[in-house]
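A.B. asks: The structure follows.
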Amino acid sequence: MFNTDKGPKAIGPYSQATIFNDNLIFVSGQLGIDPKTNQLVEGLENQTHQSLMNIANILYDANSTLDCVLKTTILLTDMSHFDTVNKIYEQYFNKNKPARATFAVKQLPKSGLIEIEAVAYKKN
């Protein structure tokens, strides 16, 4: 189990991430929650940036980076947000292009608009 103050507190009985075999990092789905306030930020673009920054901060404390991400899964409450999310996502994954799946869901916790999870490896 892995938790850091640089990411938002889990809103359920789970860890921010788990680390397998001291190398593979599974980051739990991140909503656009500001870790300083533990509140959801406003709007799709801000939530997308915040979700990705939360993942980056959790990975950093686990001795990894977004460049080490192997796979992401994106959950959207509205698939019409796909293009907007892609433009923002590309800013964070401009070197590394991890495998990815994107799904539309009916609803997310805290009425979030987007949730992103990631699988990465530790830097050597």
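A.B. asks: Show me the trypsin sites (Lys or Arg not before Pro) within the range 63-124 that DSSP assigns to loop and that have at most 10 other Cβ atoms within 10 Å of their Cβ.
C.D. replies: When the trypsin sites (Lys or Arg not before Pro) of the range 63-124 are filtered for loop state and at most 10 Cβ neighbours within 10 Å, 95, 106 remain.
A.B. asks: Additional query: Hey, what number do you get for the chain at 222 nm if only DSSP H runs of n ≥ 4 count, each worth -39500 (n - 2.57), divided across all residues, to the nearest 500?
C.D. replies: -7500 deg cm²/dmol
A.B. asks: Something else about it: Rounded to the nearest 5, what % of the DSSP beta bridges within the range 1-118 are antiparallel ones?
C.D. replies: Around 70 percent antiparallel, to the nearest 5.
A.B. asks: Go through the range 1-93 and name the GluC sites (Glu not before Pro) that are in a DSSP coil and have 14 or fewer other Cβ atoms within 10 Å of their Cβ.
C.D. replies: Here the GluC sites (Glu not before Pro) that fit, given the DSSP loop and packing criteria, are 42.
A.B. asks: Dipole magnitude of the range 1-61 about its Cα centre, charges +1 at Lys/Arg Cβ and -1 at Asp/Glu Cβ only, in debye to the nearest 20?
C.D. replies: It works out to roughly 100 debye.
A.B. asks: How far apart, in nm, are the 7 Å Cα→Cβ label points at residue 107 and residue 87?
C.D. replies: Reported label-point gap for residue 107 and residue 87 is 3.0 nm.
A.B. asks: So who's got an amide H within less than 5 Å of the one on residue 114, skipping anything under 5 residues away but keeping other chains? H placed 1.01 Å off N, in plane.
C.D. replies: So residue 114 has HN proximity to 32.
A.B. asks: Now a separate question. Hey, can you grab everything whose amide H is under 5 Å from the amide H of residue 65? Only 5+ residues off in sequence or another chain; H modelled, so Pro and N-termini drop out.
C.D. replies: When sequence neighbours closer than 5 places are left aside, the close amide H contacts are 123.
A.B. asks: More than 22 Å apart: what percent of Cα pairs in the chain qualify?
C.D. replies: Above the 22 Å cut-off, the chain has 28 percent of its Cα pairs.
A.B. asks: Here's something else I'd like to know. Residue by residue through the range 24-31, which ³J(HN,Hα) values in whole Hz follow from phi under the Karplus form 6.51 cos²θ - 1.76 cosθ + 1.60 (θ = phi - 60°), with glycine and proline marked x?
C.D. replies: Residue by residue, the range 24-31 yields 9, 10, 10, 8, 4, x, 10, 7 Hz.
A.B. asks: At 7 Å along the Cα-to-beta-carbon direction for both residue 96 and residue 63, put a label point, then send me their distance in nm to one decimal.
C.D. replies: It is 1.5 nm.
A.B. asks: From the backbone phi of the range 83-93, what are the Karplus-calculated ³J(HN,Hα) couplings (6.51 cos²θ - 1.76 cosθ + 1.60, θ = phi - 60°) in whole Hz, Gly and Pro given as x?
C.D. replies: 5, 4, 4, 4, 5, 6, 4, 4, 5, 8, 10
Each value in this text was obtained by applying a stated rule to the coordinates, not by laboratory testing. On a predicted model such as this, the values are computed, not experimentally measured, just so you know. In this analysis, Cβ positions are derived from the backbone assuming ideal geometry, glycine residues included, and neighbour counts consider all displayed protein chains.
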